[in-house]
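The values are calculated or read from the model by the stated rules, or taken from the named source; none is laboratory data. Everything quoted here is computed from the prediction, not taken from an experiment. With ideal geometry, Cβ positions are generated from the backbone for all residues, glycine too; neighbour counts draw on all protein chains shown. With ligands, DNA and RNA removed, areas are computed over all heavy atoms of the protein, side chains included. Shrake-Rupley method; radii C 1.70, N 1.55, O 1.52, S 1.80 Å.
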Amino acid sequence: MSATFSVSIIGGGYVGLVTGACFAYLGNKVTIIEVDEQKASSINMGIPPIYEQGLEKILKDTVGNRLTATTSYESVSTSDIVFICVGTPPNNDGSSNLQYIRSAAISIGTSLMNHPGYPVVTVKSTVPPGTCEKIVIPEVLGNSLKTANCVGFCMNPEFLREGRAIEDFLHPDRIVIGSSDKRAETILRTLYTSLNGNVICTSLTAAEMIKYTANAFLATKISFSNEIGNICKKLGVDVYEVMKGVGLDHRIGPHFLNAGAGFGGSCFPKDVSALISLAKEVGEDPILLRSVIEVNEQQPLKMVNLVKKKLGSVKGKKIAILGLAFKDNTDDIRDSRSIPVINALIQDGADVHAYDPMASEHMKTIIPSISYAESVSAALQDADCCLVMTEWPQFSHLSDEFSLMKQPAVILEGRRMLNRDDVEGICW
Ligand code: UGA
């Protein structure tokens, strides 16, 4: 049995909740500190405030014994390890807003004043390089009135995909531990002993940069594939065949080469923009990263142009949108590629009917003016055109449903899902 720790997690959002639930599942005593009272009480009832595969089961098994959520910082004063898992939303210029990081560090510092041992304050939020050194360490030490040898600091970025976050947490490719000193590093290493995966130990700043670089590289792979896809479409070549042949080179790898309408979500667009802003701050022009974003912004417009090429004017035409979530297995619509597509279609007077297995309620809050169908069939009934926007596995089994559309049916894909001869893709 590996050592167990008393862990406090600041922030009960997707990263904090998954991290807290998984550390409790591994036997640690975890307190999640969440300012939103409703969220905290939902966690305490074992009801996940977000959808994440496998999370409900872990909450049911751990809440009330090893996992608690609260609005109070009290547990910090006796915790072995304190994780900062608060949001770092984008400012208008794309840079990261670090106000929640600073206020968490101040509150942790105040709570650590009478801590009897050597607590390790660990940042899990995605933060620009230098944040631990310039904000977290000074605020924690300044407010706790402790010296640097009494508190350890680590940067331990997360590599959790939404929808598969529990699986990613429990089976990591690697665990990155940036630390202020060996003692802090050893404590964090011990916390992770029961998980397999390479442990990489670095400086605090390198660990901060690893996270941005990993996301920027994955986003680059996608925009690269999309650009190749756009060229392939003009040449009449199947980009999926091309990328299969390319990805089998072990130096390249087969993942994140799926061309389509681009990447969305709360991470890639935000993190690439933050890295661009960081590069500019230090006097570098990030030519490649700027292009990654530019390609990503063009892809949804290409989808709309394809619809217009097929239908002529979209005014008054019924367009079915299948898929609103930014990817499958989540109800998250942040930066979903469906949003710019729907907005452009509304602008041109189309009659949009959307269906998503999980994300319709969220989309209604930002685009209330379209129709939301209860089923694929209802969305497709008498539609002039259908756009498949999210790679939900159930869409790949659709077949007879398309006969409900006006014939001959115009079916377009933003992600390769349907194996039908009568379907045209954004880049294929
Ligand atoms: C991403 C990273 O994959 C995680 O490692 C990271 O921890 C996380 O961001 C984060 O920083 O918190 P996530 O945003 O949940 O995870 O989603 P991904 O599965 O990476 O997909 C992102 C977007 O890229 C989706 O819109 C997806 O449809 C798109 N995508 C993905 C493609 O267009 N093509 C691909 O080949 C793969």
**Request:** Compute the long axis of helix 14-25 from its Cα atoms, compare it with the longest principal axis of the Cα atoms of the chain, and write down the angle in degrees, 0 to 90, nearest 10.
**Result:** 60 degrees
**Asked** Would you list Lys310, Lys124 from the most to the least accessible area, probe 1.4 Å?
**Response** Lys310, Lys124
**Message:** So if each residue of separation counts as 0.36 nm, and I subtract the Cα-Cα distance between Ile106 and Leu170, what length gain in nm does that give?
**Reply:** 20.0 nm
**Item:** Sequence-distant lysines (8 or more away, or on other chains) whose Cα lies within less than 17 Å of Lys318
**Value:** Lys308, Lys309, Lys310, Lys406
**Item:** Inter-label distance, nm, simple model (7 Å from Cα along the C-beta direction), Gln298/Asn65
**Value:** 5.6 nm
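How big is D for region 258-299, in µm² s⁻¹ as a whole number, if Stokes-Einstein is applied with the Kirkwood radius of its Cα pairs at 4 °C and 1.567 mPa s?
On the way: Rh = 10.8 Å.
Calculated translational D: 119 µm²/s.
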**Asked** So for Ile137, Ile10, what's the accessible-area order with a 1.4 Å probe, most first?
**Response** Ile137, Ile10
**Item:** Virtual spin-label span in nm between Phe256 and Gln407, 7 Å along Cα→Cβ
**Value:** 4.5 nm
**Prompt:** Antiparallel as a % of all DSSP beta bridges within the chain, to the nearest 5?
**Reply:** 10 percent
**Asked** Counting pairs of alpha carbon atoms under 8 Å apart in space and at least six apart in sequence, what relative contact order in percent does the chain give?
**Response** 11 percent
**Prompt:** Tally Lys and Arg at +1 and Asp and Glu at -1 over the other residues with C-beta under 13 Å from the C-beta of Ile101: what net charge comes out?
**Reply:** 0
**Request:** Search the structure for amide H atoms under 5 Å from the amide H of Met155, placed 1.01 Å from N in the peptide plane, and list their residues when 5 or more places away or on another chain.
**Result:** Val123, Gly178, Ser179
**Request:** Starting at the first residue of region 72-86, write each ³J(HN,Hα) from the Karplus equation 6.51 cos²θ - 1.76 cosθ + 1.60 with θ = phi - 60°, in whole Hz, x for Gly and Pro.
**Result:** 9, 7, 3, 4, 4, 5, 10, 7, 7, 9, 10, 9, 9, 10, 8
**Request:** Would you please classify the overall shape of region 62-120 from the alpha carbon gyration tensor, given that a ≥ b ≥ c denote the square roots of the eigenvalues, rounded means a/c under 1.5, and beyond that prolate means a/b larger than b/c while oblate covers the rest?
**Result:** oblate
**Item:** Where labels lie 7 Å past Cα in the beta-carbon direction, separation of Asn92 and Lys308 in nm
**Value:** 3.0 nm
**Prompt:** Based on Cβ point charges of +1 for Lys and Arg and -1 for Asp and Glu, what charge dipole magnitude is obtained for the chain about its Cα centre, in debye rounded to the nearest 20?
**Reply:** 440 debye
**Lys, Arg +1 and Asp, Glu -1 on Cβ, resulting dipole of region 375-417 about Cα centre, debye, nearest 20** = 120 debye
**Request:** Just give me a number: lysine pairs in region 36-163, eight or more positions apart or cross-chain, with C-alpha atoms less than 27 Å apart.
**Result:** 8
**Complete:** Checked the chain against the a/c 1.5 cut and the a/b vs b/c comparison, axes a ≥ b ≥ c from its Cα gyration tensor; verdict prolate
**Message:** Can you tally the net charge around Lys309? Count Lys and Arg as +1, Asp and Glu as -1, for every other residue whose Cβ sits under 14 Å from the Cβ of Lys309.
**Reply:** +3
**Request:** At a temperature of 37 °C and a viscosity of 0.692 mPa s, determine how fast region 258-346 diffuses translationally according to Stokes-Einstein, using the Kirkwood radius over alpha-carbon pairs as Rh; express D in µm²/s, rounded to the nearest whole number.
**Result:** 225 µm²/s
**Fill in**
The size of the Cβ-based charge dipole (Lys, Arg +1; Asp, Glu -1) of region 339-428 about the Cα centre, to the nearest 20 debye, is 200 debye
**Request:** Could you pull out every residue, at least 5 positions away or on a different chain, whose amide H is within less than 5 Å of the one on Ile321? Hs are placed 1.01 Å off N in the peptide plane, and Pro or chain starts have none.
**Result:** His353, Ala354, Tyr355, Leu387
**Message:** Through the Karplus equation 6.51 cos²θ - 1.76 cosθ + 1.60, θ set to phi - 60°, convert the phi angles of region 325-341 into ³J(HN,Hα) values in whole Hz; use x for Gly and Pro.
**Reply:** 5, 5, 7, 6, 6, 8, 9, 7, 10, 4, 6, 4, 5, 5, 5, x, 5
**Asked** For region 1-119, how big is the tail of P(r) above 20 Å, as a whole percent of Cα pairs?
**Response** 41 percent
**Largest to smallest accessible area among Phe402, Phe256 [probe 1.4 Å]** = Phe256, Phe402
**Request:** For every helix of n ≥ 4 consecutive DSSP H residues, a contribution of -39,500 (n - 2.57) applies; sum these over the chain, divide by its total residues, and give [θ] at 222 nm rounded to the nearest 500 deg cm²/dmol.
**Result:** -12000 deg cm²/dmol
**Request:** Taking the dipole about the Cα centre of the chain, with the C-beta of Lys and Arg at +1 and of Asp and Glu at -1, give me whichever of Gly46, Ser203, Asn230 is farthest to the positive side.
**Result:** Ser203
**Complete:** Note, Ala279: beta-carbon cut-off 13 Å, +1 each Lys/Arg, -1 each Asp/Glu, net -3
**Request:** Using amide H atoms built 1.01 Å from N in the peptide plane, name the residues 5+ places from Ile411, or on other chains, whose amide H lies under 5 Å from its own.
**Result:** Cys386, Glu424
**Request:** Mind running the shape call on region 180-310? Use the C-alpha gyration tensor, a ≥ b ≥ c as the square roots of the eigenvalues: rounded below 1.5 for a/c, prolate if a/b tops b/c, oblate otherwise.
**Result:** prolate
**Asked** Karplus couplings for region 377-389 from phi (6.51 cos²θ - 1.76 cosθ + 1.60, θ = phi - 60°), rounded to Hz, Gly and Pro as x?
**Response** 4, 5, 5, 7, 3, 6, 6, 7, 7, 10, 10, 8, 10
